[in-house]
Amino acid sequence: MTDSYLQVSRNGKIPEIVFAKPKVNAICATSSRELGQVFAEFRHDPELRVAILTTAGGGVFSAGWDLKAASQGEDYVSDPGIGGWWGFTSMTGLLKPVIVAVNGHAIGAAFEMLTRADFVIAANHAEFWLPEVRRGIPLEIASYLLPRLLPRQKAMEILMTGRHFSAQELSSLGLINEVVAAEQVMDCARRLAAKLALGTPGL
C-alpha cells in the first residue's frame with residue numbers, strides 16, 4: 001500500500017497489524033478502508049487464525065476520530081469501507097478472533113472499537129473515555145453496545161459523563177481481559193494468540 005499508516009507482519013498463523021499515524025493514531029475513513037482490506041485478507045486466508053491489532057507509540061493508543069479529516073469535510077457517516085471503522089468492527093463473515101493490544105490511552109472512537117474486539121489486553125497506565133458527549137458527536141457503536149455489555153447504570157456513566165476510566169476499572173467490568181505493564185502488552189497478546197491459534201478453525 002502506498003502512503004499507508006499500517007505495518008503488517010506475520011508470526012506464523014498470526015498477523016500483527018500496527019496502526020502508526022502521527023501524532024496520536026487518530027482514525028479516519030481512509031485509514032479504516034485500508035484496515036478493512038487487511039482484515040479482509042485475514043478473513044479469507046485459511047492459514048491465518050488470529051489477528052492482533054495495536055498502534056505505534058505508547059502514550060496514546062489512539063485519540064479516536066481524526067479531527068483534521070473532520071475539518072476537511074469527513075463526518076461520522078463517511079464510508080469507512082468493508083469492515084467498518086477500524087477495519088473489523090462491522091465486517092461480515094469474520095469468524096476469526098481479533099485481539100486488540102492497548103498500549104496507551106484509548107479515546108472516543110478508539111474506546112468504542114474495543115467493544116467490538118474479541119479480546120483486549122491493556123497497559124496498566126492506559127485510560128479510556130468518551131469525550132463525544134461534550135462535543136455533540138453521536139456514539140453509534142458505544143451507545144448500542146455498552147448497555148448490552150454492562151449494567152445499564154454503569155454504561156450510562158461511561159456514555160454520559162465523559163470521565164476517564166482506568167484499565168483496572170474496565171477490567172473489573174469485563175471489558176478488558178488482562179491488564180499488564182506497558183512493556184508486557186504485546187507479549188501477553190502474543191501468548192493469548194498462540195493459545196487461540198491451537199483451536200479449531202471457524203466454519
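Any read-out appearing in this document is the output of simple, stated calculations on the displayed coordinates, not a laboratory observation. Quick caveat, the model's predicted, so the values are computed rather than measured. With ideal geometry, Cβ positions are generated from the backbone for all residues, glycine too; neighbour counts draw on all protein chains shown.
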(request) Above 14 angstrom, tally the Cα pairs of the stretch 114-203 and express them as a % of all pairs, no decimals. (result) 69 percent
(request) Calculate how many DSSP beta bridges within the stretch 6-196 are antiparallel, expressed in % of all such bridges and rounded to the nearest 5. (result) 30 percent
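Pulled fully out, how much extra length does the chain show between Asn124 and Glu41, if you take 0.36 nm times their separation in residues and subtract their Cα-Cα distance? Walk me through the numbers on the way to the answer.
Details: separation 83, 0.36 × 83 = 29.88 nm, distance 3.18 nm.
Roughly 26.7 nm would be gained on extension.
Add -39500 (n - 2.57) for each DSSP H run of 4 or more in the chain, then divide by its residues: what number comes out at 222 nm, to the nearest 500 deg cm²/dmol? Don't skip to the end; give the middle numbers.
On the way: 7 runs with 65 residues, N = 203.
So the helix-based figure for the chain works out to -9000 deg cm²/dmol.
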(message) With +1 on the Cβ of every Lys and Arg and -1 on the Cβ of every Asp and Glu, and nothing else charged, how large is the dipole of the chain about its Cα centre, in debye rounded to the nearest 20?
(response) 340 debye
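Could you tally up the Lys pairs in the chain with alpha carbons closer than 21 Å? Skip any pair fewer than 8 positions apart unless they're on separate chains.
Values: Lys13/Lys96; Lys13/Lys195; Lys21/Lys68; Lys23/Lys68; Lys96/Lys195.
Taking the chain as the scope, the lysine pair count is 5.
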